[in-house]
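The values are calculated or read from the model by the stated rules, or taken from the named source; none is laboratory data. On a predicted model such as this, the values are computed, not experimentally measured, just so you know. Positions of Cβ are backbone-derived with ideal geometry, glycine not excepted, and every protein chain shown enters the neighbour counts. The protein model used for the area step is the full one, side chains on, heavy atoms only, and it has no ligands, DNA or RNA in it. Shrake-Rupley method; radii C 1.70, N 1.55, O 1.52, S 1.80 Å.
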Amino acid sequence: MKQLSFVALFVFCLFQSAFSQKTVTILQVPGAAEFCKIDAAGYSVLPSGRYVTPAGKVVPISRAPYGLAISPDGQTALVLHNDVVTKIDLRYPDRPVRMPSYDKSVPAVLEGSSCMGIAFLPDGKTAWLSGGDKGTVVLLDAESNRRLATISVDGEFEGSPFRGSGGFEDSYLTDIVFDKKRNQLLALDRANNRLIKIDLASQKIIASIPVGRIPFGLAISPDGKTAFVANVGLFEYPLVPGVTPENIGEMGLEVPAYGYPSKEAEEGVTYPDGRKIPGLGSPLDERAMSIWTVDLEKNVVSGKFKTGLQIGDEFENEEEEEEGEIVGGAHPNSVAVGSRCAYISNSQNDLISVFDLKKHKVVAEIPLRFHKKLDQYRGIMPFGVALSPDERTLYVACLSLNAVAVIDTKKRKVRGYIPTGWMPSRVKVSPDGSKIYIASARGYGAGPNGGVSFAAPPQGSYIGDIQLGTFQIVDVPDAATLAKYTQQVLKNTFREVKVMDDGKNPVPTLPGQRESPIKHIVYVTKENRTYDEVFGQLSQARGDATLARFGAGVDVPGNKAGSPAVSAANVMPNHRKIAQQWAFSDNFYCDSDASIHGHKWMVGNIPNEYVEVNSVTNAEFKPFSSAPGRRFPRTTGATDPEDYNERGGIWENLARDGVSYYNFGE
């Protein structure tokens with residue numbers, strides 16, 4: 001499995017102080033000693049060591065589903081992936097239709113990009129899809145599986161403030177919603193930070209309303225009067241003064257002008273050549289990580305709200321006697337609206353905000369409690385949300401818990417959890433309220449992607465291809481069934497283990513238990529290498545020698561650049577020497593499948609819903625575009641301010657605990 005393997009060298013004093021043996025209880029993932037595997041009939045093991053046992057009827061579908069809609073008649077589900085649509089007849093769910101099919105007999109509907117948004121029309125036979133990076137919406141005939149129409153939102157439109165100047169460019173559409181009251185389509189453009197209204201009779205844009213930064217999630221009230229926009233962006237990234245497409249090689253900055261968070265990041269700096277490098281402004285700007293409401297009758301913004309915990313607030317972790325300052329924004333990302341209240345998921349805080357429609361303000365926060373030993377921490381990451389038809393229950397897709405939370409909206413309390421596949425992204429409820437539909441981005445995981453017993457599937461052996469998503473159909477559980485489901489989620493996530501700490505291991509069993517003789521750690525990442533590629537030949541471990549292409553006595557093929565083939569080569573001998581002389585792990589994984597996730601994990605940041613969606617959707621970086629959202633850096637080898645978890649990562653943790661460190665660039 002593709003992962004970030006690393007070598008950590010420990011330099012420590014060779015002494016052992018007196019220590020009394022002590023039995024302590026630790027929390028451990030259930031599959032700590034197991035290899036990753038897929039077993040749909042039993043349990044599957046993820047790279048993290050957690051299990052997945054999705055409830056109900058489970059259908060494997062294409063990778064990374066981040067859009068889900070159910071037809072008004074309850075007979076059809078549409079799932080949106082990047083450039084792929086899956087149609088599921090809910091009467092015969094075992095026969096999903098992929099557009100395009102792998103053999104190309106079913107043609108593609110989209111034009112090279114898509115992102116999250118699906119909106120069924122009342123006939124239940126046609127639906128609009130977000131064209132993502134292409135700046136389009138696409139009309140799908142769900143009976144014939146063909147594209148009927150495409151509307152571009154670039155350029156000018158009647159009443160545009162840019163009339164005569166060419167209008168908007170480089171639009172990138174995220175979520176979309178059908179406004180049945182007006183027969184209009186609402187679409188979010190994250191590149192130009194706007195809400196677009198499209199008249200479906202004429203298929204023309206009739207309004208463009210400025211909203212917050214990187215609008216991501218969209219919902220409309222049942223009466224059709226108000227739209228809710230969830231903005232996940234933190235900053236607009238300005239161009240460096242004087243840089244043009246022609247001189248970017250000479251005038252562009254080789255390294256960032258400032259670190260974040262810092263005064264310089266907020267206010268800017270002056271370079272020795274006299275150039276003023278603009279700052280990013282305040283992370284608490286009203287456009288940053290916020291919920292905006294739009295009056296759909298007047299086409300104006302009617303409210304701007306902050307939800308969840310804010311950057312700069314203080315937190316306290318009683319479990320580890322730790323306190324500090326919040327450094328990551330709340331990340332309001334999705335909204336479900338009922339007749340009385342709207343519910344907003346804040347992924348970084350593990351909170352659901354309750355917005356009262358009559359009072360037009362946030363009136364409560366619902367914490368996603370899971371277990372008393374874990375509630376001090378973060379990592380549930382609520383994403384997609386859905387209300388039951390009677391509005392008594394809110395269902396929340398918990399991206400990093402591999403479960404859907406079931407919330408009592410009257411008591412504003414979690415009733416329990418339903419086990420899902422890996423990384424549930426979207427959840428919907430059937431029109432009659434009897435069934436729950438869940439899309440999980442990584443399903444059962446990937447399992448092995450090579451080795452003596454591996455057979456490549458028809459879609460290919462790249463990790464992203466063999467790691468399919470899943471679609472679940474779950475009957476709404478009664479109290480007894482929900483209690484069983486909740487216990488299963490607990491068992492899938494962790495177990496309590498009693499261990500004896502005799503003081504001989506230089507690493508203490510628990511933080512603060514005793515002083516470690518280790519004085520310094522050097523952490524070196526070796527990207528895109530697996531354990532077996534380098535260490536698969538080690539006889540004292542569990543590895544697959546057939547995969548050791550960087551091992552001893554291996555044949556190295558030539559390449560197109562002219563490098564000759566080499567036989568019986570001894571590759572990476574120093575790594576094996578260090579491993580055999582010191583220590584190594586033979587079943588240690590990085591919880592990621594691409595660089596963009598891996599670089600977050602390795603510095604202690606859980607990739608949030610925004611990172612995950614970015615990682616699988618096409619989005620071209622255009623630094624000289626007039627669309628501010630196109631200037632977002634989308635780095636794969638670093639953590640951007642939008643990516644920060646509530647309490648930061650490894651660097652913030654070290655700083656809070658007074659541990660000195662030097663970061664060489666990660």
* Out-of-range pairs (alpha-carbon distance over 26 Å; input Lys197/Lys306; Lys57/Lys410; Lys180/Lys204; Lys225/Lys435; Lys413/Lys491) -> Lys57/Lys410; Lys225/Lys435
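I need the shape label for the chain. Rule: rounded when a/c is under 1.5, else prolate if a/b > b/c, else oblate, with a, b, c from the alpha carbon gyration tensor. Before the final figure, lay out the partial values.
Numbers: a/c = 1.43, a/b = 1.34, b/c = 1.07.
Note, shape of the chain comes out rounded.
Calculate, for region 572-655, the solvent-accessible area per residue in square angstrom, rolling a 1.4 angstrom probe over the heavy atoms of the protein chains. Present the calculation step by step, with values, prior to reporting the outcome.
Numbers: 3250 Å² over 84 residues.
Ligands and nucleic acids excluded, the result is 39 Å² per residue.
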* Structure fact -> Taking the alpha-carbon centre of each part, the distance from region 459-538 to region 587-621 in Å is 16
* Would you kindly state how much longer the chain becomes between Ser262 and Ile463 on full extension, computed as 0.36 nm times their sequence separation minus their alpha carbon distance, in nm to one decimal? => 68.6 nm
* To do: May I ask you to give the solvent-accessible area per residue for region 228-372, in square angstrom, as obtained with a 1.4 angstrom probe?
  => 48
* To do: Run the accessible area of region 47-190 with a 1.4 Å probe and give the carbon-and-sulfur part as a rounded percent.
  => 46
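Please give the calculated 222 nm ellipticity per residue for the chain, where each DSSP H segment of at least 4 residues contributes -39500 (n - 2.57) and the sum is spread over every residue; nearest 500 deg cm²/dmol?
Details: 9 runs with 64 residues, N = 666.
Per the formula, -2500 deg cm²/dmol.
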* Roughly how many Å² of Arg340 are accessible to a 1.4 Å probe, to the nearest 10? -> 140
* To do: Please calculate how many Å² of accessible area region 402-507 carries per residue, with a 1.4 Å probe and no DNA, RNA or ligand atoms counted.
  => 44
* Structure fact -> The Kirkwood hydrodynamic radius of region 405-470, taken as the inverse of the mean 1/r over all distinct Cα pairs, in Å, comes to 14.4
* **Net charge, Pro424 excluded, C-beta distance under 12 Å - Lys, Arg +1, Asp, Glu -1** => +1
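Highest mean first, what order results for 578-586, 200-208 on Cβ atoms within 10 Å? Mind showing how you got there, number by number?
Details: 578-586: 13.3, 200-208: 15.3.
The packing order, highest mean first, is 200-208, 578-586.
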* To do: Can you tell me the 0 to 90 degree angle between the C-alpha axis of helix 479-493 and the longest principal axis of the chain, rounded to 10?
  => 40
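Quick check for me: using +1 on Lys/Arg Cβ and -1 on Asp/Glu Cβ, what's the dipole size of region 301-424 about its Cα centre, in debye to the nearest 20? Intermediate values should be presented prior to the final figure.
Details: 16 positive and 17 negative charges, 208 e Å.
Roughly 1000 debye, rounded to the nearest 20.
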* **Spin-label pair Ala541/Leu284, simplified geometry with 7 Å Cα→Cβ offset, distance in nm** => 4.9
* So, with +1 on the Cβ of K and R and -1 on the Cβ of D and E, and no other charges, what is the size of the charge dipole of the chain about its Cα centre, to the nearest 20 debye? -> 1380
* To do: Have a look at Ala201, Ser171, Ala191 and report the one farthest towards the positive end of the charge dipole of region 160-229, computed about the Cα centre with Cβ charges (Lys/Arg +1, Asp/Glu -1).
  => Ala201
* Among Val327, Gly384, Thr420, which residue has its Cα positioned farthest towards the positive end of the charge dipole of the chain, with +1 placed on the Cβ of Lys and Arg, -1 on the Cβ of Asp and Glu, and the dipole taken about the Cα centre? -> Thr420
* Asked: Of the accessible area of region 206-294, with the probe set at 1.4 angstrom, what percent is carbon plus sulfur?
  -> 56
